[in-house]
Each structure stands twice: as C-alpha cells, then as structure tokens.
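First comes the structure, then the notes that go with it.
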Amino acid sequence: MPEIRKLTAFLLCIGLTGCAQDSDVPDMMDAYVAQLAEALELSPELSEVSPVSQIPRRRERVLDMPDLDMGMLDFLSLYGCELQYVVGERNSIMGKVMQPLNRLRYETRFVRAAEDCLPETEREGVKEQLEEAIESKAETLPLAVWNATWGVEEVERLFTRSQGYYPRASDDTPVAELASDIERLNRTVASLLDGNSAESLDYIGEVHQRWHAEYRAGQLMNSVKLLTTRLEDGSALLSERIDNTPLCPEGESDTAPAGLRSAYEEGYGGPVKSYLEGIAQARGALAEPLDQLATLQTDTMPDAFRDWYREYLDTDSTRSLWGQLDQAVETHARRWQQILDQCGQSPEE
C-alpha cells in the first residue's frame, strides 16, 4: 500500500541523520494524513498545496524619491556650511546612483546639516529656503525609510520560496539573530518616522547581509501553507466519520479501530504537534516583527505590496495565511475531540 510505504519511509527518515533538515516535512504531513485515513478506515485524499506568491518585484516595491529643485541645490551647495559637503556628495557621480540605504543616510544627514546651518544663517531669504528644504526632506523621509527596508534586494532572499520548508529541528541562532535585527530595526524606523534624523543607521547594512544569507521567512510561509492544507485534509477525514458514517455508532471504546489512538498520540500528538509548536515560536520571533516592520509604514506602503502583505504577512487577520492556519489548527483539534468522544475515548492532557 503506497500510504504505508510512505509512512515507513518517513519513520526511517526521522531515525537517520542523513535526512535534510526540511526534506521530511511534506512526507511527515502526508504520512500523518495516510495514518489517520487508515485509522478511520477511509481512503486518504491529499489536496494540492497552492504555492505562496513571491514578494512583489523590486520595481513594484521601490518608491520614487523626489529631489529638491536643482536651483535650490546649486544654491545650497555654495553655502558655507557642512550642508555644502552633503549636497556635493549627492551631486557626485556615485551620489546619483545611491542604493536605498545610502540614500536614507544622505536624507538624514541633509536634515541634520541643514538644521545645524540655521543658527548661522542671518539672511532671511536664505533662512527661509533652508527651512523649506528641511520641511521638504522631512516629508519625503518616510519614502527613503521604506526603500531602505522593504525596497532592498536582500529582502527578496529572506522571503524566497525556493528553499523548501522551515526545519523541524535546527539551530535557533539564525532565527534569534534575525529577530533581534528586526526588532532593533523597528525601533529605528519608529524613531525616524517620529522625526528623529539622528538615529544611527550604521548597523543596517549588516541586517541586510543576514537577510541575504537566510531565507527563514520564505521557508516559514511554505510550511504554514503546507500545514494548513494537510490539517484541512485530516479534518475532512474526521468530519466524514463524525457527520456521515460514524466510526463508533454506539459510542463504545471497544468498537474503535486499534489504530485510532495511535494516530492521535503518535501522529497528531507527536511530530505534527511538535512541528506546530516550532512554527508558533517562529511566528512570534520572526513573522510578527516583520509584520510590525510593515505596519509601521502603512501610510507609505505601495498598493502591490499591501495586497501581498494582507495575504501573507498580516499575523492578526483571520483572512491571511496565518489566520487560515489558526482556523485549520482549531478545527482539527475540535474534530479530534469529537471523534474521540464518539468512541468513548478522552485525549490525554
């Protein structure tokens, strides 16, 4: 029987050290549905797992950054303050092709330098132009913040769908580092959006490097989609026996198939529940801080990203990927309780 062979292969895999960290996740869930179907004396039906959509392309995420009027820039570049050096850097060849993080650094340096120039300015017309420049930069700073977070190339690697599933057992250090990075970045973003242009940006380049080296967010989303689909498959099997063809019509435990308890304790209550707990931990450590990084910038978020965010990154919405997982977990646990009650068995706490 193919389902039994798949279950045997899965059990062999978890007993061997040669299995890839995430290679057994689909097999684990498929084997669980097969085990459950056998215990319920039904044929397993595995639904197709729809793929997670890629994060919108960079051209759809990056926001256009307006520049000050060149006449004003030429004027300011000749002014005898630190600002002239900041503007000169922007007008250089390298300055015209700044990457998002360097552009954010420039924008904050411009504001600080212009503010430092104000007390030294005596001519009223020049002072007004400086104030206008500061106000203009303050208004467009959220665009630079967005581009330096969600507009960078490295975030695409973090959310890539091509690296399989979230590992069942792995070193927690990469996730802990990513979580610490994003929490710090969230504090910096909140401060910048509150008008504090003096925030240190020196560490953000290292954050981007870790995003490029890791792909846990994409793995996590792949796993959530897989878990939701297979739990729904399992719930459909349980529902068939609860609602249509009762497994224990007399409600007596001695009429329950021998494999029912095993499917609950060794299947659902074993590796499946353990994996769900690991996903829940990753949700709190990684997905929720990333959610916050997006919601801090709701007013700036481009439409293409907003649609993707609502479907995949919003950890509070009942309609998102995460809300669907919550519903699948709740329904599956409730259906198990019902089938065990029907057969006069109580799940062990």
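Considering only segment 293-310, how many residues are surrounded by fewer than 17 Cβ atoms within 10 Å (Cβ to Cβ) and in a helix (DSSP H, G or I)?
6
Can you name every residue in segment 239-292 that is among the hydroxyl-bearing types (Ser, Thr, Tyr), in a helix (DSSP H, G or I) and farther than 22 Å from residue 29 by Cβ? Give the steps one after another, and end with the answer.
Filtering segment 239-292 for residues among the hydroxyl-bearing types (Ser, Thr, Tyr) gives 239, 245, 253, 255, 262, 264, 268, 274-275.
Filter once more, keeping what is in a helix (DSSP H, G or I): 239, 253, 255, 262, 264, 268, 274-275.
Within segment 239-292, 253, 255 meet the criteria.
Against the definition (modelled with pLDDT under 95 and assigned by the TED database to the domain that holds residue 60), how does residue 141 come out, yes or no?
Values: modelled with pLDDT under 95: no; assigned by the TED database to the domain that holds residue 60: yes.
It is false that residue 141 is modelled with pLDDT under 95 and assigned by the TED database to the domain that holds residue 60.
Among the residues of segment 311-328, count how many are surrounded by 19 or more Cβ atoms within 10 Å (Cβ to Cβ), in contact with a Leu (Cβ under 7 Å, 6 or more places away or on another chain) and not small (Gly, Ala, Ser).
3
Is there any pair linking a residue in segment 15-43 that is farther than 19 Å from residue 332 by Cα and modelled with pLDDT under 95 to one that is surrounded by 15 or more Cβ atoms within 10 Å (Cβ to Cβ) and of a type in the set (Ser, Thr, Tyr), with Cβ under 7 Å and at least six apart or on different chains, and which?
22/165; 22/166
Could you check segment 125-157 and list, in sequence order, the residues that are acidic (Asp, Glu) and in a helix (DSSP H, G or I)?
Keep residues of segment 125-157 that are acidic (Asp, Glu), which gives 128, 131-132, 135, 139, 153-154, 156.
Matches in segment 125-157: 128, 131, 132, 135, 139, 154, 156.
Any residue that is surrounded by fewer than 18 Cβ atoms within 10 Å (Cβ to Cβ) and over 30 Å from residue 40 (Cβ atoms) - is there at least one of those in segment 235-255?
For segment 235-255, residues surrounded by fewer than 18 Cβ atoms within 10 Å (Cβ to Cβ) and over 30 Å from residue 40 (Cβ atoms): absent.
For the structure I just gave you, tell me whether residue 199 is touching a Cys at 6+ places or on another chain (Cβ under 7 Å) and not aliphatic (A, V, I, L, M).
Numbers: touching a Cys at 6+ places or on another chain (Cβ under 7 Å): no; not aliphatic (A, V, I, L, M): yes.
Considered against the rule, which asks whether it is touching a Cys at 6+ places or on another chain (Cβ under 7 Å) and not aliphatic (A, V, I, L, M), residue 199 comes out as no.
Quick one: in segment 318-349, which of the residues that are out of contact with any Ser or Thr (no Cβ under 8 Å at 6 or more places or on another chain) and charged (D, E, K, R) is modelled with the lowest pLDDT? Break it down stepwise before answering.
Just the residues of segment 318-349 that are out of contact with any Ser or Thr (no Cβ under 8 Å at 6 or more places or on another chain), to begin with: 318-320, 329-330, 333-334, 336-339, 341-342, 346-349.
If we keep only those that are charged (D, E, K, R) as well, we get 319, 330, 334, 341, 348-349.
Details: 319: 96, 330: 98, 334: 96, 341: 89, 348: 59, 349: 41.
Per the stated criteria, the residue is 349.
Touching a residue at least 24 places away in the same chain (Cβ under 8 Å), assigned by the TED database to the domain that holds residue 173 and surrounded by fewer than 20 Cβ atoms within 10 Å (Cβ to Cβ): does that describe residue 337? Explain how you work it out, then say what you get.
Values: touching a residue at least 24 places away in the same chain (Cβ under 8 Å): no; assigned by the TED database to the domain that holds residue 173: yes; surrounded by fewer than 20 Cβ atoms within 10 Å (Cβ to Cβ): yes.
Here the answer is no, as residue 337 does not meet what is asked.
The values are calculated or read from the model by the stated rules, or taken from the named source; none is laboratory data. As the structure is a computational prediction, the values presented were derived from the model and not from experiment. Methodologically, a virtual Cβ is constructed for each residue, glycine included, from the backbone with ideal geometry; neighbour enumeration extends over all protein chains shown.
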